């Protein structure tokens, strides 16, 4: 019962966010949206992060994953994360994961 109440609270919070930011919600859910640019994407991500709406951040990133700037971002972030993990001594883990993805 407690889990259900918590989920209900999260749902209501989410719906209120949509009500407060209908324009951003439209952009989040619309692939190839002509109203989006890098600054808008950054603003939306900052707002979502500030409000701890991480699931919506992931939805946003997935919906727009084919946008040119997202491909550049993904490539840059991958390299940065790879370097950080390698420097932290996770070379074998990285190699294992890379090989595993070809199974």
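With the requirement that a residue be within 15 Å of residue 38 (Cβ to Cβ) and either modelled with pLDDT of 90 or more or assigned to a helix (DSSP H, G or I) (or both), what does the range 50-74 give you? Listed by number, the residues that qualify are 60, 61, 64, 68, 69, 70, 71, 72, 73, 74. For residue 56, indicate whether it is touching a residue at least 40 places away in the same chain (Cβ under 8 Å) and either within 16 Å of residue 27 (Cα to Cα) or not assigned by TED's automatic domain parsing to the domain that holds residue 9 (or both). Taking the combined requirement at face value, the residue satisfies it.
The residue list 97, 19, 92, 4 contains one member that is surrounded by 10 or more Cβ atoms within 10 Å (Cβ to Cβ) and part of a helix (DSSP H, G or I), which is 97.
Out of curiosity, is residue 12 surrounded by 11 or more Cβ atoms within 10 Å (Cβ to Cβ), more than 16 Å from the chain's Cα centre (by Cα), free of Cβ contacts under 8 Å to residues at least 24 places away in the same chain and over 20 Å from residue 77 (Cβ atoms)? Here the answer is no, as residue 12 does not meet what is asked. The listed residues are 27, 36, 44, and the only one of them that is at pLDDT below 95, more than 30 Å from residue 96 (Cβ to Cβ), not in a helix (DSSP H, G or I) and not assigned by TED's automatic domain parsing to the domain that holds residue 95 turns out to be 36.
The values are calculated or read from the model by the stated rules, or taken from the named source; none is laboratory data. Not measured: the values here are computed from a predicted model. For neighbour counting, all protein chains shown are included, and Cβ atoms are generated from backbone atoms with ideal geometry for every residue, glycine included.
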